[in-house]
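Trainee: Take a look at the following structure, please.
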Amino acid sequence: MADAFVTLTSEIQAKSPSISFINSNKGKPLLVADDYTFKLHKTTTSTKHWICTINGCAAKVHTDLNNGLKKTVGYHSHLREKEKLEVREAREKMIYLKVHFLTLNIPA
Ligand SMILES: [Zn+2]
């Protein structure tokens, strides 16, 4: 069991996300890691604390003051923004096709 735990831990650490930064439409800095978005929660003398933009989600990211990734904390309780977007797009496409198909099949 101990061996498995060590392997798992090192795998998680090896898969640290690539992070980037954007500005929200309110001009606030946002951190993007693995298609998840985080907002700046607080800054200490050595660490910036970023929290997930989804209310109630426990995932956090710590960076140093130069925005270098220090660690990720916790797990997301929801899908990635991109996945959500894809689900929505697929649903809209299906609704469109259904409407279109039904329209085409109305007997003249
Ligand atoms: Zn989250």
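Trainee: Could you grab me the full set of residues in the range 32-50 that are under 16 Å from the mean Cα position of the chain (by Cα) and of a type in the set (S, T, N, Q)?
Mentor: Hit for the range 32-50 is Thr37, nothing else.
Trainee: Any idea which of (1) modelled with pLDDT under 95; (2) part of a strand (DSSP E or B) is the one Trp50 doesn't satisfy?
Mentor: (1)
Trainee: Here are Lys70, Lys60, Lys42: which of them is closer than 19 Å to Ser20 by Cα, without any contact (Cβ under 8 Å) to a residue 40 or more places away in the chain, surrounded by fewer than 12 Cβ atoms within 10 Å (Cβ to Cβ) and of a type outside the set (A, V, I, L, M, F, W, C)?
Mentor: The match here is Lys42.
Trainee: Please pick out the residue among Val87, Val99 that is exposed (fewer than 11 other Cβ atoms within 10 Å of the Cβ) and either near the ligand (Cβ under 10 Å from one of its atoms) or at negative phi (or both).
Mentor: That would be Val99, the only listed residue that is exposed (fewer than 11 other Cβ atoms within 10 Å of the Cβ) and either near the ligand (Cβ under 10 Å from one of its atoms) or at negative phi (or both).
Trainee: Which of (1) within 16 Å of the ligand (Cβ to nearest atom); (2) polar (S, T, N, Q); (3) surrounded by 10 or more Cβ atoms within 10 Å (Cβ to Cβ) does Asn55 not meet, given it meets every other one?
Mentor: (3)
The values are calculated or read from the model by the stated rules, or taken from the named source; none is laboratory data. The structure displayed is predicted, hence computed values, not measured ones. Backbone-built Cβ (ideal geometry, glycine too); neighbour counts: all protein chains shown.
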